[in-house]
């Protein structure tokens, strides 16, 4: 990676997460999930534009997801190239957020607990099976669980 350090002269190019692009099979269903269930905001609704139908979902301050619809059966054959492993969202109160998701019918596939015995993160699936996570701010560069 010396070539990269030479190009950037040691300066970090990446400053944080801007957005994650996710391919969904049903734009209407996904927008409903991210807005009604997770309480996010529809920032730009691309459904009226046709084509790729890119829609942007986020917080009050910025878009964090770019959704593109690809109906089942279209697209390239096989493989998982370009897939997303999971997307993590920070929340202010992990127990409150976890409770709200349970009330909205979300089942958790994993709960991560810190050394102090307190919940640090919940993992669950969106309507297309994409793994999502809600987590607390750790103050660390990377989660410690």
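When you scan region 97-121, how many residues do you find that are in a loop (DSSP other than H, G, I, E, B), surrounded by 13 or more Cβ atoms within 10 Å (Cβ to Cβ) and modelled with pLDDT under 90? Break it down stepwise before answering.
First, the residues of region 97-121 that are in a loop (DSSP other than H, G, I, E, B): 104-107, 114-118.
After this cut, where a residue has to be surrounded by 13 or more Cβ atoms within 10 Å (Cβ to Cβ) as well, the list is 106, 114.
After this cut, where a residue has to be modelled with pLDDT under 90 as well, the list is 114.
The qualifying residues number 1.
So which residues in region 38-53 are modelled with pLDDT under 85 and surrounded by 12 or more Cβ atoms within 10 Å (Cβ to Cβ), if there are any at all? Answer for region 38-53, where residues must be modelled with pLDDT under 85 and surrounded by 12 or more Cβ atoms within 10 Å (Cβ to Cβ): 52, 53. Here residue 60 clears all of (1) more than 14 Å from residue 34 (Cα to Cα); (2) modelled with pLDDT of 70 or more; (3) exposed (fewer than 14 other Cβ atoms within 10 Å of the Cβ) except the condition numbered (1). For region 38-68, the set of residues classified as farther than 22 Å from residue 93 by Cβ and assigned to a loop (DSSP other than H, G, I, E, B) consists of 45, 46, 50, 51, 52, 53, 54, listed by residue number.
The values are calculated or read from the model by the stated rules, or taken from the named source; none is laboratory data. Remember, it's a predicted structure, so these values are computed and weren't measured experimentally. Cβ: placed from backbone, ideal geometry, glycine included. Neighbour counts: every protein chain shown.
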